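For reference, the structure discussed in these notes is given below.
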Amino acid sequence: MDKWFRKLRIGEKIGFGFGIVGLLFLGVIWQYHDTLQRALVDYRQLDDLFDARKVHALAIEIDMLEAQRAEKLFVLTRDEQHARRVAENLEQAHTKAAEMGGIGPSMVPVAERMKRLIQNYGQRFEDVAEAWRIKGVDHNSGLQGAFRDTIHELEDMAGRL
């Protein structure tokens with residue numbers, strides 16, 4: 001190899017050197033392009049994960065806001081229809097939280113925590129709703145209705161005496 005290189009003239013050596021530098025330059029360009037492509041693929045995966053998390057989180061938020069709205073309407077009107085709407089919205093939020101766990105392994109603990117919080121909210125609302133049912137959601141039901149009936153009986157008894 002050394003003898004062959006010595007036989008080359010100066011112009012050929014310069015041309016050979018430029019050829020080697022050109023190959024190195026092409027290798028660097030290829031490496032740069034490959035790195036950019038891998039970074040772009042990784043970025044798209046992260047972006048897709050972020051978008052999926054964001055979509056699921058917003059869907060859960062909407063269901064929870066609807067549940068809170070129905071809860072407030074139930075407390076104001078004591079209409080059982082609103083209590084059913086709370087349960088429906090919480091079930092939808094729970095389902096979407098479970099779907100959120102399927103996005104990726106990093107989302108499983110977040111989804112589990114969200115499901116626990118949704119269940120906790122649902123249980124607490126159900127406790128409030130049950131207390132209202134026991135008290136009476138209108139004047140004629142529950143303890144309030146029983147008290148009213150007893151008072152009417154006492155009034156009737158007092159009227160007869």
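The values are calculated or read from the model by the stated rules, or taken from the named source; none is laboratory data. Quantities reported herein were computed from a predicted structural model and do not represent experimental measurements. Backbone-built Cβ (ideal geometry, glycine too); neighbour counts: all protein chains shown. Areas reflect the complete protein model, heavy atoms only, side chains present, ligands, DNA and RNA absent. Shrake-Rupley method; radii C 1.70, N 1.55, O 1.52, S 1.80 Å.
Looking only at segment 73-98, filter to residues that are small (Gly, Ala, Ser), surrounded by 18 or more Cβ atoms within 10 Å (Cβ to Cβ) and under 18 Å from the mean Cα position of the chain (by Cα); which one of those is nearest to residue 110 (Cα to Cα)?
Among them, the one singled out is 97.
Out of the residues in segment 143-161 meeting the condition of being small (Gly, Ala, Ser) and modelled with pLDDT under 75, tell me which one is nearest to residue 74 (Cα to Cα).
Among them, the one singled out is 145.
Restricting to segment 86-119, name every residue that is without any contact (Cβ under 8 Å) to a residue 12 or more places away in the chain and over 18 Å from residue 55 (Cβ atoms).
Scanning segment 86-119 gives 88, 91, 105, 109, 112, 113, 116, 117.
Mind listing whichever residues of segment 1-59 are more than 45 Å from the chain's Cα centre (by Cα) and β-branched (Val, Ile, Thr)?
Hits for segment 1-59 are 10, 14, 20, 21.
Give the residue that is modelled with the highest pLDDT, with candidates limited to residues of segment 121-142 that are among the polar types (S, T, N, Q) and either touching an Asp or Glu at 6+ places or on another chain (Cβ under 9 Å) or open to solvent by 70 Å² or more (accessible area, probe 1.4 Å) (or both).
123
Residues 51, 42, 34: which one is part of a helix (DSSP H, G or I) and closer than 28 Å to residue 92 by Cβ?
Exactly one residue qualifies, and that residue is 51.
When you scan segment 75-91, do you find a residue that is in a helix (DSSP H, G or I), touching a Leu at 6+ places or on another chain (Cβ under 9 Å), within 30 Å of residue 46 (Cβ to Cβ) and modelled with pLDDT of 85 or more, even just one?
no
Going residue by residue through segment 41-53, is there one that turns out to be under 27 Å from residue 112 (Cβ atoms), open to solvent by 80 Å² or more (accessible area, probe 1.4 Å), touching a residue at least 24 places away in the same chain (Cβ under 8 Å) and out of contact with any Lys or Arg (no Cβ under 8 Å at 6 or more places or on another chain)?
Checked against the condition, which is being under 27 Å from residue 112 (Cβ atoms), open to solvent by 80 Å² or more (accessible area, probe 1.4 Å), touching a residue at least 24 places away in the same chain (Cβ under 8 Å) and out of contact with any Lys or Arg (no Cβ under 8 Å at 6 or more places or on another chain), segment 41-53 yields at least one hit.
So residue 70 fits all but one of (1) open to solvent by less than 100 Å² (accessible area, probe 1.4 Å); (2) free of Cβ contacts under 8 Å to residues at least 12 places away in the same chain; what number is the exception?
Result: residue 70 fails condition (2) only.
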